Structures are given as C-alpha cells and as structure tokens.
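Single-structure report; data block below.
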Amino acid sequence: MYILGIESSCDETAASIVEDGRKIISNIVYSQVEEHGLYGGVVPEIASRRHIDAVSEVVQKCLDEAGMKARDLDGIACTFAPGLIGALLVGVNYAKGMAYAARKPLIPVHHLRGHIAALYLTHPELEPPFLCLVASGGHSHIVAVDNYTKFRVIGRTIDDAAGEAFDKVSRTLGLGYPGGPAIAKAARTGDPHRYNLPTPHTENIYDVSFSGLKTAVINIYHNDSQKGEETDIPGLAASFQEKIADILSENLVNAAVEFGYTKLSIAGGVSANTRLRELIDLKSKQRIKGYSFYAPLMPLCGDNGRMIASQGYFELLDGNTADMTLNGYANLDIDYR
Ligand code: KG4
Ligand code: ZN
C-alpha cells in the first residue's frame, strides 16, 4: 500500500510517499528554519504562512518524484496533533481536500507516533513491543510501544521539553537556532565536567524536569557577564549536554530494567544527539542483558513526511481514518482514543 504523508506541525513543510510503512518511495521537504533563525525561534504566524505558500508544491513534487498520481495512493495521511495549531491546520486541510477529491481514506497521524515510526523506516526488523524515549522540541516522553497503534506513557517532562531547553540555553549563550545542533557543536571542544549543574528531582521517577537546569545554566552566564567575566561557552555547553543526556538515558534505562524491556529506542529531534545515543548504549550494555538499541537515521530524527506516511500505514491497517470533520489539535496525548 502506498501512503502519502503530509507534515506541517512546526517549521517544516514535508511530504513523502512510503510503501507498506517501511519503504520510502519519495520525499520532499521545504524547511523554514533559516527564516525563524532570524528571530531565535519559531514564529507561529510566519510558520502558518510559509506552509500555505509551500504545501501544494511540496505535495506535487512528492508525487512527481514517485511518478505517481493521487489516484495511485491508498491513503492520505497528515499530522493532525500536536503542534502549532495554525501550522497543523494547513496540512490537515490540504490532506482533506486531496482525500475528498481523490476519494481516498484520510488518515490522521499523531506527530509523536510519527517520530516513533521513523524507527521502522530505519530498522526493517524492528517490531513492537519496545520502549522508546521520544524527545523533541515540544515533548520528552518515555513511551511503551505495545503495538503499532497502542502506546502507554510511562514518564514525561513536567515543565520544559528537552529540545526546548536546548533551544533556550542556546539562545542565551548566543549559539543560534535550532539549539540542539548548536550546543552539540560547541560542546565538542568543551569539558563536560567544567560546571556542576543540578540534577532535578520529580515525584514520578520516570518524569523529567528541565526548567531548573535551564535556569541554572542561564544564571551562570548572566552572573559571569555582570562580573565582567568571560564564560567558558564550550565548557558550559558540554556540561549542559552531558547533564541532559545523563538524565534522559538514566530514565530510559531504569524504566527498561523495571518493566523488563530489552528493546530500547529513541526518536524525535533530540535523538540526533550523539552523546545521548552513546550514554544509552553504554548504560544498557552495563545493565540489560541481551539488549538492543534502535535510533533513527540522522535525517529521520527531525520532522519529516516519511515518518507520517509510515505511521499512516499502520493507522490505516488499524482502521483509524477520519471524515471531513477532521480538525487539528495543539495538544493531544500520544495514547488518545
Ligand atoms: O522533533 P523535532 O524536529 O521537532 C519537534 O517536534 O519539536 O525536534 C526539534 C528539536 C529542537 O528543539 C532541536 O534543538 C532539537 O530537536 N535537536 C537536538 C539536536 N538536533 C535537533 N537536540 C539535541 N541535540 C541535537 N543534535
Ligand atoms: Zn517533531
């Protein structure tokens, strides 16, 4: 089955056709990152307008690249939640119009389920159940993936998402947007033990909190500036990255041990972080016998249409289609029903 996936939840207008959830046929992305970079973060109003400008062309190019017409598709999937509402509605409405005109099933896809599906595109042999850390600009979840369409949240951030913390710290340190890759780059030449940063505590041990950590880093920088002293930026970036990677990896591996998972995975924009990958691998090796660890290919970590088309296939198999009343939602749990 050929599914077209349309992604427009944030600053990427993307479309892709994927066969049977695993094989990428075509893929087109129009990124707005540079424009938002001028403002140090995503400006929702600009994002919506750029999606409107780009969506028809992106979808048409995606069909052309595959040598297909809308009539050759078996379903049209779109990200319908969560995300920036104005941005989401562009993809949702485009998909609705296309599904109606071509008389194809309309398939709503939850963005975080899409991130997890990036793992199926990378690892053809991977099948649920497994445990996944989904960390993006808006979310940090530990999710039990029971099957392709059934999820249970074991832990989540109680304040900032991991990616959000990277972005805010990067902005303060003058390293630019998006913050994750900028911090990772600065950290390469820094000492990860240069600054002693706090480890936040949460009531549910699988929840995380990054707000205090983010504030601690920002305070170090501001205190230095007030005293006219220079901050060791690579050292601070490395210490911050190390702390976040340590917290996230610790949580994932602890949850895997407690709930008896040997298959661990990560997904979402933050899963591109190599130090995070290293630490999960290292801790799993030490504590989980016969473990396997799955991460998406680098280009599949961030937002893309391929992951939406892939998850769309599994949602369609499960009968999760929508009619023309489909709406977009800024917030929606991954285990919605
Ligand atoms: O999943 P994603 O592309 O978009 C959302 O759904 O939010 O995630 C974007 C987030 C941004 O906060 C970005 O700074 C972060 O992922 N990110 C990283 C890295 N690459 C992107 N964070 C840490 N290390 C990276 N290498
Ligand atoms: Zn995302």
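The values are calculated or read from the model by the stated rules, or taken from the named source; none is laboratory data. Nothing here was measured: the structure is a model prediction, and the numbers come from that model. Quick reminder, even Gly has a Cβ in these numbers, built from the backbone with ideal geometry, and neighbours come from all protein chains shown. Protein only, heavy atoms only, side chains kept; ligands, DNA and RNA dropped before computing areas. Shrake-Rupley method; radii C 1.70, N 1.55, O 1.52, S 1.80 Å.
Remarks
- Relative contact order (percent, whole number), region 71-126, Cα cutoff 8 Å, 6+ residue spacing: 41
- Within region 95-172, the trypsin sites (Lys or Arg not before Pro) that combine a DSSP coil assignment with at most 13 other C-beta atoms in a 10 angstrom radius are Arg103.
- On Cα atoms only, tilt of 233-259 relative to the major axis of the chain in degrees: 60
- Within region 104-242, antiparallel bridges make up roughly 90 percent of the DSSP beta bridges whose residues both belong there.
- Normalising the average separation of contacting C-alpha pairs (under 8 angstrom, six or more residues apart) by the number of residues puts the relative contact order of the chain at 25 percent.
- Loop-located trypsin sites (Lys or Arg not before Pro) in region 208-317 whose Cβ has at most 16 other Cβ within 10 Å (DSSP): Lys227, Lys289
- Annotation: average projected area of region 180-333 is 12.7 square nanometres, based on the convex hull of Cα atoms across all directions.
- Each Lys or Arg adds one and each Asp or Glu takes one away; over the other residues whose Cβ falls under 15 Å from the Cβ of Ser140, this sums to -4.
- Nearest-ten-degree value, helix 305-317 long axis tilted from longest Cα axis of the chain: 60
- Under the combined filter of DSSP loop state and at most 11 neighbouring Cβ atoms within 10 Å, region 135-237 retains these GluC sites (Glu not before Pro): Glu203, Glu229, Glu230.
- For the chain, the share of accessible area belonging to carbon and sulfur comes to 50 percent (1.4 Å probe, ligands and nucleic acids excluded).
- Tilt relative to the chain, helix 274-287 - C-alpha long axis, 0 to 90 degrees, to 10: 80
- Normalised contact order of region 101-154, rounded percent, pairs of Cα under 8 Å and 6 or more residues apart: 23
- Over 28 Å apart at the Cα level, from the set Lys23/Lys104; Lys23/Lys283; Lys69/Lys150, are Lys23/Lys283; Lys69/Lys150.
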